[in-house]
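For reference, the structure discussed in these notes is given below.
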Amino acid sequence: MSLKIMILSDSFHLRTEAIRYSIALAKRLDAVLVLLILLPFELTKKTPGSVNTVLKLQTRAADAIRQPISDMERSGVPVESTIRIGNPRSELLKFLAESGKFHSIVWGGGSDSINEKSHWTSNLEADVKYSVLVPFIKPEQESGRRSGRFSQQRRVRKE
Amino acid sequence: MVQNRILIVDDEAVTRKNLTRLFEREGFSVSSVSTGFEALERLRDSPYDLVITDLVMEDLDGLELLLNIKTRFPNIEVILITGYASIPTAISAVKKGAYHYLEKPIRPEETVHLARQAIEKKRLREQVEQLEALVEKDLNAPTLIGQSSGMVEVLKLIKQVAQVNCNVLITGESGTGKELAASMIHSFSQRRNNNFLAINCGGFAEELLANELFGHEKDAFTGASSARTGLLETASSGTLFLDEIGDMPSSMQAKLLRAIQEQEIIRVGGTHPVPIDVRIISATNQDLKKSLNSGGFRQDLFYRLNVVSVEIPPLRERKDDIPLLANYFLNRTAKRFHREVIGFSDGAMEALKNYYFPGNVRELENIIEHAVALTSDTTIQLKDLPPDLSELDIFSFDQSGNDVMTLKALEQNYIQWVLNRVGRNKTRAARLLGIDRSSLWRHLKGSEFED
């Protein structure tokens, strides 16, 4: 039974370092990659044309992840992908309940948004039993200082 | 604690005196001699960890002394002291096996630091050799490797619990060595001469798992042309390791509970109970207590399995073990691949120590095997390790420090447990909880888990 590593994002953009790290980790652990894109959207009966909007989002997301998926496949790691639209936290929990166990979750979405306390991933560790790994390029390899929840020490999200 | 023993070799009395005073002040046991020949005599008579020798001496110089030491006492580390003019010679000495060289004038802090590092390297090598000897002595003996305080406690508990014939629950992240721990418990126990069988409960569909655990009678189902014993029966008088016990379906949990309580099983399609005598060691990387609250795992079975629990810490929480484990895997792989690779550069070891290791020991083993296979050097360099180790920082939000559940989390768990009990019927759940349906909806909305 293969281990599964999830790359999780809440936008069309997937960070390069997250893709690189997920591929490297999957190769080391002989795992398959599961790319999960959660696009925030509140579907209500009152929203005009909401079904069309959902379909457009779906198509745009599928286009955006085509290249990363092809990169992953080229590296020899099996990859599956899913796009969910709705409340990201709720959709993630439902996806985890449906999909069985993952070895790790790698955050592939924006690094600035996740740094905010109001972000939907805030306190996610209370609901999700996995470590959510956030890869960053080492400070010596990029200019500028990081700030926010990950500023001082690895592993701990700032209160 | 073992005192670190240093032998100083220098033909200048002042240098010998100064170095002796410096190292004694730092708690080392120090001897000194003025010639290379005297040094070899001392090494023959007494054990030393480190020789610090001047490079330029009459009769036997530092380089000749180094070669003699490496031939006759290969485990002793050597540091050379040299003047500026002899630095190229000192560098070639390092290539011939010296730990390092010190340039005159000697700086006390740097000297003591270097000596400590050299002795630490010697001790590490000795530990790895001991481990290898242990493994070679009995190739079948499982061994968990670690000298950190966390692992020392785990190993102590494993040896203690092995002597008691009780069920054990091993917890720990994937790749920490849970099966190895179970195997160790079996090999230290009175049951060691009988079977140790293992099964991954998450890898089978329910019917298949029942068949594997309980066996079946002839004609129990289409294709069952003969009777077959299950693992619980085959492991009788021995140990059965149930990996990923948290993934066992509820109906199987009930059957396993009955087998443990009654110490008997009924084969699939059978009617007669078969007595068993089996010790069950189970393992999980899940929080089973959380599953108890949500109704995913039976409480009565949990307490039957968890008579004693052994928790194996993740590698990132026992970074002190990384050099020992890395050297152990390095020696083993180098032998297997017939490669002359003897250690790690400081940069490579630093990168390993700083990495997060979500895949734990299994991931470290994989990294070292790749590095040994690919390196063109006699020591693993930073460039031989996966690039992500040196180029990326891995941060994580995990569950550490979350031992105490918040009132809100407890409330949500309870609501989910009640919902599961009533087949997720919200009206019945609300009635049981003593709240109206709209309040329940608000609670569920608050938990972000919308059905």
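Coordinate-derived values only; no laboratory data. All values derive from a computational prediction rather than experimental measurement. Every residue, glycine as well, gets a Cβ built from its backbone with ideal geometry; the counts of neighbours run over all protein chains shown.
Show log10 I(q)/I(0) for region B:315-391 at q = 0.27 Å⁻¹, two decimals, from a solvent-free Debye sum over equal Cα scatterers.
Scattering profile of region B:315-391, log10 relative to I(0): -1.44.
Within 10 Å of each Cβ in A:20-30, how many Cβ atoms from other chains are there, averaged over the peptide?
5
For region B:237-319, what is Rg from Cα atoms divided by 2.2 N^0.38 Å, rounded to two decimals?
In units of the globular-protein estimate, region B:237-319 measures up at 1.24.
Provide a whole-number value for the mean count of partner chain Cβ atoms within 10 Å of the Cβ atoms in peptide A:86-95.
That average works out to 3.
Lysine pairs in region B:264-417 with alpha-carbon atoms under 26 Å apart, 8 or more places apart or on different chains: how many are there?
Within region B:264-417, the lysine pair count is 8.
Show me, bin by bin at 10 Å from 0, the whole-percent P(r) of the protein assembly as shown based on Cα pairs.
In order of increasing distance, the bins hold 3, 13, 19, 21, 18, 12, 7, 4, 1, 0 percent.
Calculate, in nm to one decimal, what residue B:109 and residue B:442 gain on full extension: separation in residues at 0.36 nm each, minus their alpha carbon distance.
Difference between extended and current length: 113.4 nm.
By count of other Cβ within 10 Å, fewest leading, how are A:91, B:411 ordered?
Least to most surrounded, the residues fall as B:411, A:91.
Testing the spin-label approximation: label points 7 Å from Cα along Cα→Cβ at residue A:97 and residue B:383. State their distance in nm.
For residue A:97 paired with residue B:383, the spin-label model returns 5.3 nm.
Hey, rough spin-label estimate for residue B:317 and residue A:59, points 7 angstrom out along Cα→Cβ, what's it come to in nanometres?
5.0
Determine, at each q value in 0.10, 0.16, 0.20 (inverse angstroms), the log₁₀ of I(q)/I(0) that the Debye formula gives when each Cα of region B:5-130 is one equal point scatterer.
The Debye formula, applied to the Cα set alone, gives -0.26, -0.70, -1.16.
Mind grabbing the base-10 log of I(q)/I(0) for region B:204-273 at q = 0.15, 0.18 Å⁻¹? Debye formula, identical points on the C-alpha positions, no solvent, two decimal places.
The calculated log intensity ratios at q = 0.15, 0.18 Å⁻¹ are -0.47, -0.68.
With r as the distance between the Cβ atoms of residue B:159 and residue B:254 and R0 = 41 Å, compute the FRET efficiency 1/(1 + (r/R0)^6) and round to 0.05.
With a Förster radius of 41 Å, E is 0.75.
Just for the Cα atoms in chain B, what are the lengths along the principal axes, largest first, rounded to whole Å?
93, 56, 39
By a straight-distance test (C-alpha under 20 Å), which aspartates and glutamates pair with residue A:117 as possible cross-link partners, with residues fewer than eight away in the same chain excluded?
Excluding near neighbours in sequence, the set is A:10, A:91, A:125, A:127, A:159, B:398, B:448.
Between residue B:120 and residue B:346, how many nm apart are label points set 7 Å from Cα along the C-beta direction?
1.1
On full extension of the chain, what length is gained from residue B:221 through residue B:309, given 0.36 nm per residue of separation minus the C-alpha to C-alpha distance?
This chain segment gains 27.9 nm when fully extended.
Taking 60 Å as R0, compute the FRET efficiency from the Cβ-Cβ separation of residue B:42 and residue A:75 and round it to 0.05.
With R0 = 60 Å, the Cβ-Cβ based efficiency is 0.55.
Sort B:197-204, B:25-32 for me by packing, meaning the mean count of neighbouring Cβ atoms within 10 Å per residue, highest on top.
Ranking, from highest mean packing down: B:197-204, B:25-32.
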